[in-house]
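Asker: I have a structure here, written as structure tokens, and I will follow up with some questions on it.
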Amino acid sequence: MRKLILLFSTLILVQPAFAQDCDRACLRDTLTQYLDSLLKHEPATLPLAADVRFTEDHQELALGEGLWQTIESLGTFRQDILDVRNSTAGTHVLAMENGSPVLVAVRLKIAAGKITEVESTVVRTKEEGMIFKPEAIVEASAAMNVTPTAAQRNTREDMIRLALLYPEGLRVGSFVKADAQFAAEAYRFENGQLMAGPGCTFFPNCGNIREQGLPTLAGIQARVAAVDEEQGIVWLRMNFGPGSLMRNPGELSVWEMFKIYDGRIQAVEAFMEEVPANTPFGWDY
């Protein structure tokens, strides 16, 4: 476990310092502008860097392809993650495409007032998502939108350390062995399904997220996509690796948000998608 945490902590600490030229309002407004342009199918209206990179479902595309061509509307669910220190804005939203609901995760990187990176995932069906209950994704949750007081907030480094204990627990097959820290009422909500925490009936004994049974996913990979220091949210980009899908040899590609304050994970919410085995894992952050 120490080796894993040290690796990711080192990656975070050696990142260059970015000029904070886009504050929370700027990041939120840029996300809104992106979603508005997406709905209008007009990427040219965005402030784009000349070499902007765009991916959807791990595929390199021209901005304007993929969901840009087929989206019809947005639902009422939207959960933002705003990382001022690293000029990164992320969101999970529910959208409609060809008359059907889809789950959308988007990460934007902003530099000098321009969007330089757009990474996105679109989950369209149960076959794509393994779990898929969009009817349960209506509004952003109260738990994920508690604003921690100054006394409740953990440092950025502590939040990252606590979040990374989650993939470490999956790596060793036990959150207890990994000493992952959860609040008593902590839950996990994935693709619209309550998968752990109070009220969970999906698996036997899933009511306690820390003590529930887990698969052992020795090949799990995790990267820190963003840290919302004000709201206490760490956003991990993960690939669960071999063994994460029981019915086929593919793997789960996951965007997972961890609400963290008072030294504990308070809530876990994720959008996830099945991908073929050995799919190249995401971007270099």
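Asker: Is it true that some residue in the stretch 71-89 is out of contact with any strand residue (DSSP E or B) (no Cβ under 8 Å at 6 or more places or on another chain) and either at pLDDT 95 or above or farther than 30 Å from R161 by Cα (or both)?
Answerer: yes
Asker: Select from the stretch 143-161 the residues that are hydrophobic (A, V, I, L, M, F, W, C), in a loop (DSSP other than H, G, I, E, B) and in contact (Cβ under 8 Å) with a residue 60 or more places away in the chain and list them in ascending order.
Answerer: Within the stretch 143-161, just V146 meets the criteria.
Asker: Mind listing whichever residues of the stretch 239-255 are part of a strand (DSSP E or B) and farther than 23 Å from A136 by Cα?
Answerer: Hits for the stretch 239-255 are N239, E251.
Asker: Filter the stretch 162-176 for residues that are in contact (Cβ under 8 Å) with a residue 40 or more places away in the chain and out of contact with any strand residue (DSSP E or B) (no Cβ under 7 Å at 6 or more places or on another chain); which is surrounded by the fewest Cβ atoms within 10 Å (Cβ to Cβ)?
Answerer: The extreme case among them is G173.
Asker: So A180 ticks every box in (1) surrounded by fewer than 21 Cβ atoms within 10 Å (Cβ to Cβ); (2) touching a Leu at 6+ places or on another chain (Cβ under 9 Å); (3) not in a strand (DSSP E or B) but one. Which box is left unticked?
Answerer: (1)
Asker: Out of L46, L27, which single residue is modelled with pLDDT of 95 or more, more than 24 Å from E97 (Cβ to Cβ) and of a type outside the set (S, T, Y)?
Answerer: Sole residue among the options that is modelled with pLDDT of 95 or more, more than 24 Å from E97 (Cβ to Cβ) and of a type outside the set (S, T, Y): L27.
Asker: Within the stretch 203-214, does at least one residue satisfy the condition of being without any contact (Cβ under 8 Å) to a residue 12 or more places away in the chain, among the hydrophobic types (A, V, I, L, M, F, W, C) and either surrounded by 24 or more Cβ atoms within 10 Å (Cβ to Cβ) or not assigned by TED's automatic domain parsing to the domain that holds R28 (or both)?
Answerer: yes
Asker: Ok, one more. So which residues in the stretch 62-92 are charged (D, E, K, R) and closer than 25 Å to E190 by Cβ?
Answerer: E72, R78, D80, D83
Asker: Confirm whether F132 is farther than 24 Å from I260 by Cα, at pLDDT 95 or above and buried (at least 20 other Cβ atoms within 10 Å of the Cβ).
Answerer: Yes: the conditions hold for F132.
Asker: Here's something else I'd like to know. All but one of (1) within 26 Å of Y261 (Cα to Cα); (2) of a type in the set (V, I, T); (3) surrounded by 16 or more Cβ atoms within 10 Å (Cβ to Cβ) hold for V118; state the number of the condition that does not hold.
Answerer: (1)
Asker: Quick one: which residue in F271, F281 is touching a His at 6+ places or on another chain (Cβ under 9 Å), surrounded by fewer than 22 Cβ atoms within 10 Å (Cβ to Cβ) and aromatic (F, W, Y)?
Answerer: Result: F281 is the single residue among F271, F281 that is touching a His at 6+ places or on another chain (Cβ under 9 Å), surrounded by fewer than 22 Cβ atoms within 10 Å (Cβ to Cβ) and aromatic (F, W, Y).
Asker: Give the number of residues within the stretch 183-198 that are touching a residue at least 12 places away in the same chain (Cβ under 8 Å) and either among the basic types (K, R) or in a loop (DSSP other than H, G, I, E, B) (or both).
Answerer: Of the residues in the stretch 183-198, 9 are touching a residue at least 12 places away in the same chain (Cβ under 8 Å) and either among the basic types (K, R) or in a loop (DSSP other than H, G, I, E, B) (or both).
Asker: Of everything in the stretch 226-251, what is closer than 15 Å to I160 by Cβ and aromatic (F, W, Y)? Give them in sequence order.
Answerer: Result: W235, single match.
Asker: While we're here: Out of F258, F281, F271, report the one residue that is in contact (Cβ under 8 Å) with a residue 40 or more places away in the chain and either assigned to a loop (DSSP other than H, G, I, E, B) or acidic (D, E) (or both).
Answerer: That would be F281, the only listed residue that is in contact (Cβ under 8 Å) with a residue 40 or more places away in the chain and either assigned to a loop (DSSP other than H, G, I, E, B) or acidic (D, E) (or both).
Asker: Which members of the stretch 114-142 meet the condition of being closer than 22 Å to Q33 by Cβ and either within 15 Å of the chain's Cα centre (by Cα) or without any contact (Cβ under 8 Å) to a residue 40 or more places away in the chain (or both)?
Answerer: V118, E119, S120, T121, V122, A140
The values are calculated or read from the model by the stated rules, or taken from the named source; none is laboratory data. Every value quoted in this text rests on a predicted model; they were computed, and no experiment measured them. Using ideal geometry, Cβ is built from the backbone for each residue, glycine included, and neighbour counts are taken over all protein chains shown.
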